[in-house]
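Notes follow the structure.
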Amino acid sequence: MMVIRKEKLVAIKRIFMVLVAFCALFTSNSYAAVDYPEFLNNNPNLILTDGHMDSGTYYDKSSVVNMSYDPPYYKIAVNTVYVPNVTRGNTAISNVTTQYFTYDYENRTLDVAGYNHSTGQWWYETNIKPGQGMARTRGTLRPAELAFFQIYGLKFFDLKYLNYKAVL
């Protein structure tokens, strides 16, 4: 009968744990790499702002309207479109939402009112800032930032991960 020393057993356990950690790391990355088209239907006016569970939300840069210019307060409206299963090749828009962004440049805060054209319902979020949870910022922060940059040529929040050049 073979006797394994305690030191060898600890070394084997450590090697096994390292291998398990590497496998978990590579497995999780393979599932996260989903291909969301940057532009819907290769249309540079429809820019991806959010991808989640195979569906995408696109900013319609041709719909941007400067509603109010009263520094340090600004108001801009823009349409965003929702496309389910966009990672599987679907390009049919299933919903359009008009978002009204009210900016307070002095305090760097944002209020949003949205009208969902499919349901006919309004929704509101106030005092939005980067770093807040996804429940508050998903679908609003990126389009608001792109709209402000498109109209005024200034970054409101200066989001490092956003492609500002797409709206020029």
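Of all residues in region 45-76, those satisfying the criterion of being part of a strand (DSSP E or B) and either touching a Ser or Thr at 6+ places or on another chain (Cβ under 6 Å) or on the phi > 0 side of the Ramachandran plot (or both) are T49, D50, T57, Y59, K75.
Filtering Y152, Y161 for residues that are of a type in the set (S, T, Y) and modelled with pLDDT of 95 or more leaves a single hit, Y152. Can you tell me which residue among T91, T109, T140, T126 is surrounded by 16 or more Cβ atoms within 10 Å (Cβ to Cβ), β-branched (V, I, T) and within 19 Å of the chain's Cα centre (by Cα)? Just a single option satisfies the conditions, and that option is T140. Residue count for region 82-113 satisfying the condition of being out of contact with any Asp or Glu (no Cβ under 6 Å at 6 or more places or on another chain) and either over 27 Å from L40 (Cα atoms) or assigned to a strand (DSSP E or B) (or both): 19. Scan region 123-135 and give yes if some residue there is modelled with pLDDT of 95 or more, aliphatic (A, V, I, L, M) and in contact with a Ser or Thr (Cβ under 8 Å, 6 or more places away or on another chain), otherwise no. Checked against the condition, which is being modelled with pLDDT of 95 or more, aliphatic (A, V, I, L, M) and in contact with a Ser or Thr (Cβ under 8 Å, 6 or more places away or on another chain), region 123-135 yields no hits at all. Of the candidates Y74, Y36, the single residue that is surrounded by 10 or more Cβ atoms within 10 Å (Cβ to Cβ) and modelled with pLDDT of 95 or more is Y74.
Pairs linking a residue in region 114-132 that is within 11 Å of N95 (Cβ to Cβ) and assigned to a loop (DSSP other than H, G, I, E, B) to a residue that is open to solvent by less than 60 Å² (accessible area, probe 1.4 Å) and of a type in the set (A, V, I, L, M), with Cβ atoms under 7 Å and 6 or more positions apart or on different chains, are H117/V96.
Condition first: outside any helix (DSSP H, G or I) and at pLDDT 65 or above. Can you find one or more residues in region 11-25 that meet it?
Step one: filter region 11-25 for residues outside any helix (DSSP H, G or I), giving none.
No, because not a single residue in region 11-25 is outside any helix (DSSP H, G or I) and at pLDDT 65 or above.
The values are calculated or read from the model by the stated rules, or taken from the named source; none is laboratory data. The shown structure was predicted, so the numbers you read here are calculated from the model rather than taken from an experiment. Heads up, the Cβs are rebuilt from the backbone with ideal geometry, glycines too, and the neighbour counts pull from every protein chain shown. Areas reflect the complete protein model, heavy atoms only, side chains present, ligands, DNA and RNA absent. Shrake-Rupley method; radii C 1.70, N 1.55, O 1.52, S 1.80 Å.
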